[in-house]
Amino acid sequence: MKLFVEKDYDAMSKLAANMVKDEIEKNPSTILGLATGSTPEGMYKELIRLYKEEGLDFSKITTFNLDEYVGIDEEHPNSYHYFMKNQLFDHVNIDMKNTFVPDGKAENPEEFCKQYDKLIEEKGGIDLQILGIGANGHIAFNEPDEELNVGTSIVNLTESTIEANSRFFDSIDEVPKTAMSMGIGSIMKAKKIILMANGKNKAEAIKELLKADKITTKLPASLLLLHHDVTVIVDEEAYNG
Ligand code: GLP
């Protein structure tokens, strides 16, 4: 695991954006795995700037998002579909046909999940996966548990995640209790992974992750210790607490 401790959120975001830029410049048809949440917002902002001011070309890339709430319309302002359009897709020259986000309203969710993993494979697999981390160590919506899913699946959210994500909703009752999420196996198949974390509320999870010499499903991010190309980018607050 490579570690970069950046001064602040801005520096963390810029470093991650530059790594994405390098990847796209090396391979214009790169396949990106994308995350939602507050953590990557600054990175997306910087990617938009790189597109507008430095001509970074998104026209040939393909993207797969990690997760989506179940039961929420694509147009819902808290859906991850909406987030991606709002934070990135609407502002760069990406071909929307090449953007994929799990469908939280799929008629047959189990079948959809299978097809999602299949599609990733058919496209050649994810070249670079961006991850945030939950305060409880979850990645995507793979919550700490006795067992973790290998492939994309429907998952129950923990009380702590529902509470953490309620800041985006009018009330905690509106936060969906289930989501569709790439599994640990879907994530681990990516050729390269960048995990970002900022702020004091991530310090405990980051401390646990960085000191871990054992993997445990109780800290889903620890599974990343098995991957050969993971870069962790944190700001000083997430590093020092
Ligand atoms: C969310 C998402 C994750 C994200 C994490 C942290 O619930 N499912 O993909 O990485 O929790 O979110 P944030 O970046 O808002 O702190």
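The values are calculated or read from the model by the stated rules, or taken from the named source; none is laboratory data. What you see is a predicted model, and the numbers here were worked out from it, not measured in a lab. Every residue, glycine as well, gets a Cβ built from its backbone with ideal geometry; the counts of neighbours run over all protein chains shown. In case anyone asks, the SASA skips ligands and DNA or RNA and just uses the protein heavy atoms, side chains included. Shrake-Rupley method; radii C 1.70, N 1.55, O 1.52, S 1.80 Å.
When peptides 188-198, 74-84 are sorted by average Cβ neighbour count within 10 Å, with the highest value leading, the order is 188-198, 74-84. Test of understanding: extend the Cα→C-beta vector of E208 to 7 Å, then name every residue of the stretch 166-188 with backbone N under 17 Å from that spot. Zone members listed by number: 184.
The simple spin-label model puts a point 7 Å past each Cα toward its Cβ; for M188 and H76 those points are separated by 3.1 nm. The GluC sites (Glu not before Pro) of the stretch 88-136 meeting both criteria, a DSSP state outside H, G, I, E and B (loop) and at most 10 other C-beta atoms within 10 angstrom of the site's C-beta, are E107. Take the chain with all the other protein chains still there, run a 1.4 Å probe, and you get 47 Å² of accessible area per residue. Rounded, prolate or oblate: which one fits the chain, using the alpha carbon gyration tensor with axes a ≥ b ≥ c (rounded when a/c is under 1.5, else prolate when a/b beats b/c, else oblate)? Rounded is the answer for the chain, as its axis ratio a/c remains below 1.5.
Considering only the stretch 1-153, what is the antiparallel percent among its DSSP beta bridges, to the nearest 5? Here the antiparallel bridges make up roughly 10 percent for the stretch 1-153. A protection proxy built from the mean count of other Cβ atoms within 10 Å ranks the segments 205-212, 217-224, most packed first, as 217-224, 205-212. In the stretch 101-241, taking the dipole from charged Cβ atoms about the Cα centre, the farthest positive-side position among N149, P102, Y239 is held by Y239. Each Lys or Arg adds one and each Asp or Glu subtracts one; over the other residues with Cβ under 15 Å from the Cβ of K218, this totals -4. Computed extension length for I215-E107: 35.4 nm, one decimal, from 0.36 nm per residue of separation with the Cα-Cα distance subtracted.
Please compute the net charge surrounding E6, taking Lys and Arg as +1 and Asp and Glu as -1 over other residues with Cβ under 14 Å from its Cβ.
Values: positive: K2, K7, K14, K202; negative: D8, D10, E46, D235, E236, E237.
My count for the surroundings of E6 gives -2.
Solvent-accessible area assigned to carbon and sulfur over the chain amounts to 48 percent, based on a 1.4 Å probe.
Less than 14 Å Cβ to Cβ from N65, Lys/Arg counted +1 and Asp/Glu -1: what total charge do the surrounding residues give?
Numbers: positive: K85, K123; negative: D67, E68, E74, D103, D117.
Neighbourhood net charge equals -3.
Charge dipole of the chain (Cα centre as origin; +1 on each Lys and Arg Cβ, -1 on each Asp and Glu Cβ, all else neutral): 760 debye, rounded to the nearest 20. Computed about its Cα centre, the charge dipole of the stretch 40-116 is approximately 260 debye, with only Lys, Arg, Asp and Glu carrying charge at their Cβ. Modelled this way, with points 7 Å down the Cα-to-C-beta line, the labels at L3 and N156 are 3.5 nm from one another.
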